[in-house]
Amino acid sequence: MKVRLWIAVWLAATMMACAGKAQEGSDADGSGASGAEASTSAAEVSGAFEGAPVADADTLYAKVKTQVDFGPRTPGSKGHAACAAWIAEQLRSHGIDSISIGNQKVTTAAGLIIPARNIFASIRPEAPERIILLAHYDTRPMADQEPDKTLRTKPIDGANDGASGVAVLLECARLLAAEGALPDDRGIDLLFTDVEDSGDSEAAGEESWCLGSRQWAENMPYKAGKRPVYGILLDMVGGRGARFHREYFSNRYAPTVVNRVWAVARQSGFEDRFPNEPGGAIVDDHVPLNEAGIPTVDIIESVNSETGSFNPTWHTLSDNLEAIDAETLRIVTQTVLNTITQ
């Protein structure tokens with residue numbers, strides 16, 4: 001996943017100092033209520049805000065497992081096609097019929113010309129205020145970080161790097177499609193991006209990553225003045241004990257959204273998983289959306305205690321189901337639900 005642009009931590013910390021200080025003691029909408037004051041009995045049990053849907057850890061884990069069972073979802077593979085069909089089927093099973101699947105040609109870092117099959121769906125498409133959630137469903141074609149160099153040409157399972165974010169989106173779809181789950185004027189767009197993880201920074205540059213989201217951002221299905229007010233990208237959100245720092249480009253392009261999400265996480269009782277501290281600078285699917293004018297944050301594990309950067313399973317054959325923690329998935333999903341339903 002993604003090239004790591006490790007801009008000096010002191011630079012990111014300097015840029016976020018004011019935001020961090022302003023966040024202390026204030027809630028997501030700036031009213032000043034503390035996390036304890038905002039808590040409810042539901043929050044004590046699940047971390048859910050009053051009225052917010054409650055994420056289910058077992059359901060999330062099962063959705064990751066289903067994807068892994070398809071095998072590697074490299075673009076053009078049988079596993080990739082099966083996963084795309086399954087995502088669409090899942091959405092329709094929740095009554096989400098506003099679905100489109102892209103078929104735009106992109107050129108990968110390896111020189112292959114393939115279709116980018118982005119899957120775009122809308123919950124309450126008539127609602128004037130929109131929020132977009134996104135995750136990539138393709139997987140890395142090669143385990144280029146595998147310790148055993150003889151195995152680096154093998155594709156990965158992508159349990160964390162791909163399947164975890166998709167699971168979060170599908171759980172949000174299941175819960176938010178229910179009657180009364182959202183404010184009357186709010187709708188949710190869901191974007192499952194393709195050809196995110198086929199890049200090669202050294203051979204083809206940073207723009208060889210996130211090809212599906214780049215193509216989508218150039219052809220967004222929104223009329224003038226109708227774009228989402230903000231977006232949330234979910235990527236590598238299922239690792240054991242994962243912590244989610246404030247990603248650099250998120251804070252650069254969408255500081256208000258970062259403040260909101262991290263404040264909600266704190267109020268939900270997840271401050272240990274969402275530290276108000278700088279993370280890495282990640283070329284990910286949120287960058288094209290931000291450049292297109294949709295302020296979008298990336299919830300991603302970019303400061304692992306063991307590696308100092310990504311999860312130890314990143315781009316290795318160990319990115320399998322054993323690396324997934326259902327509780328991490330639940331915490332991230334609940335944070336998203338609490339954020340977008342308030």
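Against the list (1) closer than 28 Å to Gly180 by Cα; (2) at pLDDT 95 or above, the condition Asp97 fails is (2).
The requirement of being surrounded by fewer than 24 Cβ atoms within 10 Å (Cβ to Cβ), under 19 Å from Val336 (Cα atoms), in contact with a strand residue (DSSP E or B) (Cβ under 8 Å, 6 or more places away or on another chain) and of a type outside the set (A, V, I, L, M, F, W, C) is not satisfied by Asn304. Which residue pairs have Cβ atoms under 6 Å apart, sit 6 or more places apart or on different chains, and have a first residue in segment 264-291 that is farther than 23 Å from Gln342 by Cα and a second that is of a type in the set (A, V, I, L, M, F, W, C) and at pLDDT below 95? Every condition considered, the pairs that remain are Pro278/Val9; Pro278/Ala12; Pro278/Ala13; Pro278/Met16; Gly280/Trp6; Ala281/Leu5; Ala281/Ile7; Val283/Val3. Here the condition is being crowded, with 21+ Cβ neighbours inside 10 Å and over 21 Å from Glu207 (Cα atoms); of Thr333, Thr296, it holds for Thr333 alone.
Taking the options Val68, Val64, Val106, name whichever one is part of a strand (DSSP E or B), surrounded by 17 or more Cβ atoms within 10 Å (Cβ to Cβ) and modelled with pLDDT of 50 or more. On inspection, the qualifying residue turns out to be Val106. Residue-level analysis places Asp144 among those that are among the charged types (D, E, K, R), outside any helix (DSSP H, G or I), under 19 Å from Trp314 (Cβ atoms) and over 18 Å from the mean Cα position of the chain (by Cα). Per the listing Ala127, Ala110, the residue uniquely over 20 Å from Asp285 (Cβ atoms), in contact (Cβ under 8 Å) with a residue 24 or more places away in the chain and of a type outside the set (D, E, K, R) is Ala127.
Applying the criterion of being aromatic (Phe, Trp, Tyr) and closer than 20 Å to Ile132 by Cβ to the residues of segment 246-268, the residue that is surrounded by the fewest Cβ atoms within 10 Å (Cβ to Cβ) is Tyr253.
May I ask you to verify whether Glu271 is surrounded by fewer than 23 Cβ atoms within 10 Å (Cβ to Cβ), within 20 Å of Ala135 (Cα to Cα) and either more than 14 Å from the chain's Cα centre (by Cα) or of a type in the set (S, T, N, Q) (or both)? No, not satisfied. If you go through segment 109-129 and keep only what is of a type outside the set (A, V, I, L, M) and surrounded by fewer than 22 Cβ atoms within 10 Å (Cβ to Cβ), you end up with Gly111, Pro115, Arg117, Phe120, Ser122, Arg124, Pro125, Glu126, Pro128, Glu129. When segment 181-206 is limited to residues that are of a type in the set (Asp, Glu) and surrounded by 15 or more Cβ atoms within 10 Å (Cβ to Cβ), the one that is nearest to Gly102 (Cα to Cα) turns out to be Asp194.
Take the residues in segment 288-301 that are touching a strand residue (DSSP E or B) at 6+ places or on another chain (Cβ under 8 Å) and in a loop (DSSP other than H, G, I, E, B); name whichever of them is nearest to Lys154 (Cα to Cα). So the residue we want is Glu301. Within segment 177-211, restricting attention to residues that are part of a helix (DSSP H, G or I) and of a type outside the set (Gly, Ala, Ser), the residue that is farthest from the chain's Cα centre (by Cα) is Glu202. Just one of the listed residues (Pro275, Pro228) is in a loop (DSSP other than H, G, I, E, B) and either among the hydroxyl-bearing types (Ser, Thr, Tyr) or under 15 Å from Phe120 (Cβ atoms) (or both), and it is Pro228.
Of all residues assigned to segment 308-317, at least one qualifies as being without any contact (Cβ under 8 Å) to a residue 60 or more places away in the chain and within 19 Å of Gly239 (Cα to Cα).
For segment 216-242, the set of residues classified as more than 22 Å from Ile188 (Cβ to Cβ) and surrounded by fewer than 18 Cβ atoms within 10 Å (Cβ to Cβ) consists of Glu218, Arg240, Gly241, listed by residue number. Can you name every residue in segment 316-342 that is among the β-branched types (Val, Ile, Thr), outside any loop (DSSP other than H, G, I, E, B) and farther than 18 Å from Val297 by Cβ? Once the filter is applied, which keeps residues that are among the β-branched types (Val, Ile, Thr), outside any loop (DSSP other than H, G, I, E, B) and farther than 18 Å from Val297 by Cβ, segment 316-342 yields only Ile324.
The values are calculated or read from the model by the stated rules, or taken from the named source; none is laboratory data. Since we're looking at a predicted model, the values are computed, not measured. All Cβ positions, even for glycine, are placed from backbone atoms using ideal geometry, and neighbour counts span all protein chains on display.
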